[in-house]
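Structure record follows, encoded as structure tokens.
The values are calculated or read from the model by the stated rules, or taken from the named source; none is laboratory data. If you're wondering where the values come from, they're calculated on a predicted model, not measured in any experiment. Please note: Cβ atoms are built from the backbone with ideal geometry, for glycine as well, and neighbour counts cover all protein chains shown. Each accessible area value is taken on the protein alone, full model and side chains, heavy atoms only, with ligands, DNA and RNA left out. Shrake-Rupley method; radii C 1.70, N 1.55, O 1.52, S 1.80 Å.
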Amino acid sequence: MVTLFLIYIYRFFSTDKVSIALFKAARTFHLFCSRAINRPVHLNSSAKVASLLKMPQTNKFKSAGASSAAHPHVQILNVSNGLRALLISDLSGLDGKTEDDEDTEEEEEEEEEGEEAEEEGDSGEGTDEESEEEGDSQDSDFEELDEDNDRKKKKGSEKQSAAALCIGVGSFSDPNDLPGLAHFLEHMVFMGSEKYPSENGFDAFLKKHGGSDNASTDCERTIFQFDVQRKRFKEALDRWAQFFICPLMIEDAIDREVEAVDSEYQLAKPSDSHRKEMLFGSLAKPNHPMSKFCWGNAQTLKTEPREKNINVYKRLREFWKRYYSAHYMTLAVQSKESLDTLEEWVREIFSQVPNNGKPKPDFSDQLSPFETPAFNKLYRMVPVRKVHALTITWALPPQEKHYRVKPLHYIAWLIGHEGTGSILSMLRRKCWALALFGGNSETGFDQNTTYSIFSISITLTDEGFQNFCEVCKGHQSRPSILLHFLLLLQTDPIEYVEDICENLQLFPKEDFLTGDQLMFEFKPEVISVALNLLTPEKANLLLLSPEHEGQCPLREKWFGTQYSEEDIQQHWRELWAGDFDLNPSLHLPAENKFIATDFTLKTSDCPDTEYPVRIMNNDRGCLWYKKDNKFKIPKAYVQFHLISPVVQKSAKNLVLFDLFVNILVHNLAEPAYEADVAQLEYKLVAGEHGLVIKVKGFNHKLPLLFNLIVDYLADFSAAPDVFSMFAEQLKKTYFNILIKPEKLGKDVRLLILEHSRWSTIQKYQAVLDGLSVDELMEFVSSFKSELYAEGLVQGNFTCTVSFLTKLQFKKLSVEVPVLFRVVELPQKHHLCKVKTLNKGDANSEVTVYYQVTALVKLKGCEDTHLGEEVNRNWTEVVTQQYVFDRLSREIDALKLMTKAELVNWFMGHRGEGNRKLSVHVVGYGEEGSKMSLYGEVSKLTFLPASTLLASVTTITDTQAFTSTLNLYPYHKILK
């Protein structure tokens, strides 16, 4: 198969058709943009922004292309110490007043009283990571359905204020004798400052005021970012800036923070993507910075330095002084303040950042790091997960200078098209591949000043892996349609400023806002130069498969990845250079019928409402509707939950349901791909109690996509070879879930707590027992015969819109609850301790669950885009609670709650009579490294409690434990 792919690429690139195809792609881009905004658009449509940015720095201006719901003003600022900043005044048409400005003096006093205690608190680091764990109380049913909510909501009634700072230094600057020092410094600067000495005071301050923070170290850049309530933004800026002005970096904290860095390293070790990167980096020239160990761990930052008498603290201070200099820094701030106010704050606070006057680190002279004999070979790797995958990679000259053309974007579209006539289409028909991705991620690993990579990654089936070495007849590749329309919608401020502060490092001032997104110029000659470098003889091949276990004698130094190295076979090379027949199944895509042309905002045909209203209700379902009059964009969301009584009847039924949804998605992949290209998105989810269908995008052609999905659902079919392919793939999917400690811990916890729940282990066993196509089709027929369809339509639609007309079904013969009943735990501490199912993973997972009588979750702040509002409403629909004003009710309730009441409530649930369940998943130590990575996962190994927990009640048989417990009624908070 590798021959097949390399021939596609090589032969296509050698033809004259590429220029024609790229011209068509660029022309399509122009046409789509023109239709989208009803006026002529050029690829350099940011000319207005560019001309304004060339004005003197004291000028302010509106950013071009902003949506009607928000008109942020921006200003470039050069601070006296060399730091550059972009100020974003996000007034959103307000008069400058918000609810937060109207806080009473009493509230201010209460907050001030807590400041001293806050400074003494130890909140720990990683507020972002911790916030991701919030909301676990509802993860049993619908967490999958809320993946669009990547960020948790914070306290407040308006959009958060945010700031991000990028320093032009990263792991490439690590000293050779202290690998990971740049990453370590990123951690250490947060450990208090001279002005605010509390070690974790900043995190505590953010948590108290609804904020979060994060930081990351890349090859040549380090980025810090935070967000917080607007009224606390200036103080947060000052606290945050002190890390770059006068951080304490207390020597006593060195060992603690080394453990935090080592913990990140240990968590990354079971990741196949990180393992691939480390293995790839090891192929670079020995003295090139790409060959460095960027993560750092206890070995490189503590053990070895002590053995070599290296003073890590002294070197850390020297590194900060040398590289954390103002003239290396770019800052982006966004808040609902005037530009004058933001300028005053930034000058006042950030002018104190020191400037050492030394030249910025420059690695641009270390080009071609992968021009080595080791690169152009075949590497076989043993993955952690059960997956077959092929990655073909080329190392190219740095492409950042071509950002106005973005040549790799065109090539990625040419290779990665997934519709009819594409490479992936043909491979899917052969049942050889499940997915194909091509391109450059533009991270520091993929693109820096020394090289850029272009890679093609294919997820293979078992049959595809077996055909890897087959000599295939060549086929001519074909270009895909290029469709990209940049619509500047409301985004989360912390994400936006993170992107912008990095753009300030990469692009000239006229392209700060759009340099990473727009294709400004179409230059076939620039694209052709990149194309001509993607030849078979320059490719690196990496093949992942569990089948390689026991056949890979080599080990990567830092992650312990098992791999082997071999020369590319001569007959492959000869085939690449030879002639071959063209494959007629590969062709240009047809006209895209999903491209929207009507972007008018609909006139309401029913009374406007603040929350969704039920516009249809009968014994077969109901439909909720809300017209969007807040964000005023030509987009909409349509979401349905098709509830069926057959899904939860048995573990086998759940497996058949998963198979059904996976094959349905597979069947839709080609016909619905053009919809994805046209900025329409769809998602099918096998929910706990039924099928969830979600579509979103430009409303004009959204019904066309939804009806296509319904058509394929109504006429579902499964070819025998496709069934076999997905049955085998599902087995791998369950295995890959179970080997993750956090997933296994959750599975065990919910198996104990939720009545009638089927565990992933039971599903894995069911698929191992074997399934047939006939059983699947019988299940699907039963599923479609009786349903209750509940939907939500929100956005730029009128209330007369209709869906699900083709799908015919009867009403439910029995009511199907959409939630599980929960067992009532005895009033004592219970422990379920099991061994991890991944023998190569040293990480352990501990979950402590308190069963309480009520829980109020605080989620609030202004929605930054329509999807956030839709997700909140959808949660009410899919749980059949319908309290659409829940957020405001919770905030009102919390305003009435006193600190004493909260403390009493908390203390009352952590005493001797609490209902408490602890689930421990214990990792393997050194003994695990000598075992097979792919051991038995269909059975749990229960462990006894440690001596420190001798008084707890240990659970070693979940079924026996839960069989005698009472059940709570179905839990819904309706008031």
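Worth a mention:
- Peptide packing for 948-954, 202-208 was compared via the average number of neighbouring C-beta atoms within 10 Å per residue; ordered from the highest value, the list is 202-208, 948-954.
- Computed 3J(HN,Hα) for segment 407-417, one whole-Hz value per residue from the Karplus formula 6.51 cos²θ - 1.76 cosθ + 1.60 where θ = phi - 60°, is x, 5, 5, 4, 5, 4, 5, 4, 7, x, 4, glycine and proline marked x.
- Signed unit charges on C-beta, dipole axis of segment 622-677, positive-most listed residue TRP624, ALA672, VAL646: TRP624
- Rounded to whole Hz, the Karplus (6.51, -1.76, 1.60) HN-Hα couplings of segment 825-834, x for glycine and proline: 5, x, 7, 6, 8, 10, 10, 10, 10, 10
- Length released on extending from LYS195 to GLU521, taking residue separation times 0.36 nm less the Cα-Cα span: 112.5 nm
- Per-residue 3J(HN,Hα) values for segment 915-923, derived from phi via the Karplus relation 6.51 cos²θ - 1.76 cosθ + 1.60 with θ = phi - 60°, read 9, 10, 10, 10, 10, 10, 10, 9, x Hz in sequence order (x marks Gly and Pro).
- Heavy-atom accessible surface of segment 220-266: percent carbon and sulfur, 1.4 Å: 44 percent
- Dipole check for segment 231-272: with +1 at the C-beta of Lys and Arg, -1 at the C-beta of Asp and Glu, and the Cα centre as origin, the magnitude is about 480 Debye.
- Database remark: amide H of LEU91 closer than 5 angstrom to the amide H of HIS73 (H placed geometrically; neighbours at sequence offset of 5 or more, or on other chains; Pro and chain starts carry no H).
- If you take all other residues with their beta carbon under 10 Å from the beta carbon of LYS377, and give Lys and Arg +1 and Asp and Glu -1, the sum is -3.
- Using the Cβ-Cβ distance between SER782 and ASP721 with R0 set to 22 Å, the FRET efficiency from 1/(1 + (r/R0)^6) comes to roughly 0.35.
- Residue-count net charge about GLU277 - beta-carbon cut-off 11 Å; Lys, Arg +1, Asp, Glu -1: -1
- Taking amide H as placed 1.01 Å from N in the peptide plane, the amide H of CYS622 sits under 5 Å from that of ALA789, GLU790, GLY791, each at least 5 places away or on another chain.
- Taking 0.36 nm per residue of separation and subtracting the current Cα-Cα distance, fully stretching the chain between GLU537 and GLU565 would add 8.5 nm.
- Computed FRET value (nearest 0.05) for ARG322 with ASN618, which takes r as the C-beta separation and R₀ as 51 Å: 0.10
- Virtual spin-label span in nm between HIS909 and SER263, 7 Å along Cα→Cβ: 2.3 nm
- Electrostatic bookkeeping for VAL952 treats Lys and Arg as +1 and Asp and Glu as -1; over the other residues with beta carbon under 14 Å from its beta carbon, the sum is +3.
- Here the spin labels are modelled as points 7 Å beyond Cα on the Cα-Cβ line, and at THR953 and ARG889 they lie 3.4 nm apart.
- Cross-link pairs LYS784/LYS806; LYS208/LYS899; LYS308/LYS360; LYS207/LYS231; LYS269/LYS314; LYS732/LYS839 - those with Cα-Cα distance over 20 Å: LYS308/LYS360; LYS269/LYS314
- Prolate/oblate/rounded label for segment 336-388 (Cα gyration tensor, a/c 1.5): oblate
- Computed from the C-beta positions of ASP605 and THR459, the FRET efficiency with R₀ = 45 Å rounds to 0.45.
- Taken about its Cα centre, segment 701-838 carries a charge dipole of about 700 debye when Lys and Arg each add +1 at the Cβ and Asp and Glu each add -1 at the Cβ.
- Checking the cross-link pairs LYS276/LYS939; LYS630/LYS701; LYS626/LYS701; LYS602/LYS626; LYS627/LYS895 against a 23 Å limit on the alpha carbon distance flags LYS276/LYS939; LYS627/LYS895 as lying beyond it.
- Under-5 Å amide H pairs with LYS377, H placed in peptide plane, nonlocal only: LEU541
- The listed peptides 387-398, 958-969, ordered by packing as a protection proxy, come out as 387-398, 958-969 (highest mean of other Cβ atoms within 10 Å first).
- Accessible-area ranking of THR450, THR947, largest first, probe 1.4 Å: THR947, THR450
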